[in-house]
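Novice: One structure, pasted below without further comment.
The values are calculated or read from the model by the stated rules, or taken from the named source; none is laboratory data. Note that the structure is predicted; figures quoted are calculated from it, not measured. Reconstructed Cβ throughout: ideal geometry from the backbone, glycine too, with neighbour counts over all protein chains shown. Remember, those area values only see protein heavy atoms, side chains included, never the ligands or the DNA or RNA. Shrake-Rupley method; radii C 1.70, N 1.55, O 1.52, S 1.80 Å.
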Amino acid sequence: MTQTAHGVEFSQQLSENPKSAEERAAILANPGFGDYFTDHTAVVDYKVDADGNGGWQNARIEPYGPISLDPSAAVLHYGQEIFEGLKAYRHADGSVWTFRPEANAARLNKSARRLALPELPEEYFLGAIRELVQADQEWVPSGDGEALYLRPFMIATEAFLGVRAAREVSFRVIASPAGNYFGGELKPVSIWISREYARAGRGGTGAAKCGGNYAASLIAQQEAEANGCKQVLFLDHFNDDAVEELGGMNVFFVMKDGSLVTPALSGTILEGVTRMSVIQVARDMGREVSERKITLDEWRDGVASGDITEVFACGTAAVITPIGVLKDATEFIGAEDAKAGETTMAIREKLLGIQTGTVEDTHGWLTRLV
């Protein structure tokens, strides 16, 4: 069977052993985050021919399952891979929508350029998401704060040990029903300051969404968890300890005059889709937003003086999460009993409202999938 989406034909080989309605219902009753996966995956192949011309081909929906790779596949040796993250939301009328997928498609290609991978035409990206969600639409949860998390990724599959850009690549999308990223009631989280480790360096891959950035952050994340913190904050130690970002989220500060400040994109910070959406939503609400350098000293002094009234983090998985305490072995900034700030929650509610269809989408950010 062949489906056409965004001008691209996707063949379909549907699973002969999908989860039963009972099994799926049990999973959706408590989905967690990233623990369960739907019955299918979207796949598109890329190959360079004998004449040196590359092209995307064989777009398809197939059963979810292990990927067969040669032991010499480039992704296993040189880390040539990138990924994205976005969600599909069930609206009150039963329809399913996603949020700003074009921005994710554009960022995937920005990452591809940095990692010497082929760019993927937007119609393949959007088509793969649409076809996968349509095939697995029963997996989209409808509970408060729940969504179907979509993970597009691209890996170098060529069997070759030479150090060069791979000539065979696979683009795939998998999907996982998701609840609250940090679990339970939304309350301010504690953040650990990484003094020893950096997330990225100038001229590196900090602005790309690639696995190597996250692998490098895991040791600092372990340190954070060992000290009772949910996330880790990375600083630019060669730039006055300027705030960069968390292990997987961007940071915003609410000032006492109601304006917002977020670290400027410097080439070492990932340009989050949620980040850019928060900036627009805040401006829609009449708030000034500045993208500039903000240091750990300013964070510390601002909280102490009251110039900074709220701090929050944002990303696709958790959307918006208030930050209560920032600490390390010698620092303790904020309060453990802090409550989620009014501005933080107002922006969060408006953004979630747009995503879930309860607030008008005046920017055309939503794309219907089912």
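Novice: Looking at (1) without any contact (Cβ under 8 Å) to a residue 12 or more places away in the chain; (2) open to solvent by less than 80 Å² (accessible area, probe 1.4 Å), can you tell me which one Ala50 breaks?
Specialist: Answer for Ala50: the failing condition is (2).
Novice: Kindly indicate the residue of segment 253-283 that is part of a helix (DSSP H, G or I) and of a type in the set (S, T, N, Q) and also farthest from Gly324 (Cα to Cα) among those meeting that condition.
Specialist: Looking at the filtered set, the residue picked out is Gln280.
Novice: Just name the residue that is farthest from Val281 (Cα to Cα) out of those in segment 84-102 that are within 24 Å of the chain's Cα centre (by Cα) and surrounded by fewer than 18 Cβ atoms within 10 Å (Cβ to Cβ). Show your work before the answer.
Specialist: Applying the first criterion (within 24 Å of the chain's Cα centre (by Cα)) to segment 84-102 yields 84-91, 95-102.
Those still in the list that are surrounded by fewer than 18 Cβ atoms within 10 Å (Cβ to Cβ) too: 91, 95, 102.
Values: His91: 20, Ser95: 24, Glu102: 18 Å.
The qualifying residue farthest from Val281 (Cα to Cα) is Ser95.
Novice: Give the residue, chosen from Thr367, Thr358, that is in contact (Cβ under 8 Å) with a residue 40 or more places away in the chain, open to solvent by 20 Å² or more (accessible area, probe 1.4 Å) and outside any loop (DSSP other than H, G, I, E, B). Give the steps one after another, and end with the answer.
Specialist: Working: Thr358 fails: outside any loop (DSSP other than H, G, I, E, B).
Every option except Thr367 fails the conditions.
Novice: Among strands (runs of 3 or more DSSP E) lying entirely in segment 45-148, which contain 3 or more residues that are touching a helix residue (DSSP H, G or I) at 6+ places or on another chain (Cβ under 9 Å) and of a type outside the set (A, V, I, L, M, F, W, C)?
Specialist: 86-90
Novice: Restricting to segment 185-235, name every residue that is at pLDDT below 95, among the charged types (D, E, K, R), surrounded by 14 or more Cβ atoms within 10 Å (Cβ to Cβ) and under 30 Å from His77 (Cβ atoms).
Specialist: Selection gives Arg199 alone.
Novice: Does segment 153-167 contain any residue that is within 30 Å of Lys339 (Cα to Cα) and touching a residue at least 60 places away in the same chain (Cβ under 8 Å)? Step through it out loud before you land on a result.
Specialist: Filtering segment 153-167 down to residues within 30 Å of Lys339 (Cα to Cα) leaves none.
No, segment 153-167 contains no residue that is within 30 Å of Lys339 (Cα to Cα) and touching a residue at least 60 places away in the same chain (Cβ under 8 Å).
Novice: Continuing with the same structure: So, in segment 287-297, exactly how many residues are outside any helix (DSSP H, G or I) and open to solvent by less than 10 Å² (accessible area, probe 1.4 Å)?
Specialist: Here is the first cut: in segment 287-297, the ones outside any helix (DSSP H, G or I) are 287-295.
Then drop every residue that is not open to solvent by less than 10 Å² (accessible area, probe 1.4 Å), which leaves 294.
Total meeting the criteria: 1.
Novice: Pairs, please: C-beta under 6 Å, at least 6 apart or cross-chain, first residue of a type in the set (Val, Ile, Thr) and in segment 221-240, second surrounded by 13 or more Cβ atoms within 10 Å (Cβ to Cβ)?
Specialist: Val232/Trp192; Val232/Ser194; Val232/Ala220; Val232/Gln221; Val232/Ala224; Val232/Gly247
Novice: Within the set of pairs 6+ apart or on separate chains, which have a first residue in segment 185-199 that is under 24 Å from Asp144 (Cβ atoms), a second that is among the polar types (S, T, N, Q) and open to solvent by less than 50 Å² (accessible area, probe 1.4 Å), and C-beta atoms under 6 Å apart?
Specialist: That search, which allows pairs on different chains as well, returns Val189/Thr321.
Novice: Here is a list of conditions, (1) free of Cβ contacts under 8 Å to residues at least 40 places away in the same chain; (2) not in a helix (DSSP H, G or I), and Arg300 meets all of them except one; can you say which number that is?
Specialist: All conditions pass for Arg300, except number (2).
Novice: Continuing with this model, one more query. Let me confirm something: among Gly247, Gly272, Gly258, which residue is modelled with pLDDT under 95 and either more than 17 Å from the chain's Cα centre (by Cα) or of a type outside the set (Val, Ile, Thr) (or both)?
Specialist: Gly247
Novice: Out of Asp284, Asp257, which single residue is touching a residue at least 60 places away in the same chain (Cβ under 8 Å), within 26 Å of Glu342 (Cβ to Cβ) and surrounded by fewer than 21 Cβ atoms within 10 Å (Cβ to Cβ)?
Specialist: Values: Asp257 fails: touching a residue at least 60 places away in the same chain (Cβ under 8 Å).
Residue meeting the stated conditions: Asp284.
Novice: Has segment 3-20 got any residue that is farther than 17 Å from Gln137 by Cα, at pLDDT below 95 and not in a strand (DSSP E or B)?
Specialist: yes
Novice: Also: Can Ala216 be described as without any contact (Cβ under 8 Å) to a residue 24 or more places away in the chain, under 20 Å from the mean Cα position of the chain (by Cα) and not in a loop (DSSP other than H, G, I, E, B)?
Specialist: Yes.
Novice: Ok, one more. Taking segment 320-348 as the region of interest, how many residues are under 19 Å from the mean Cα position of the chain (by Cα) and open to solvent by 10 Å² or more (accessible area, probe 1.4 Å)?
Specialist: First pass over segment 320-348, keeping only residues under 19 Å from the mean Cα position of the chain (by Cα): 320-323, 347-348.
From what is left, the residues that are open to solvent by 10 Å² or more (accessible area, probe 1.4 Å) are 323, 348.
Selection size over segment 320-348: 2.
Novice: What do you reckon, is Phe33 at pLDDT below 95 and touching a strand residue (DSSP E or B) at 6+ places or on another chain (Cβ under 8 Å)?
Specialist: Here the answer is yes, as Phe33 does meet what is asked.
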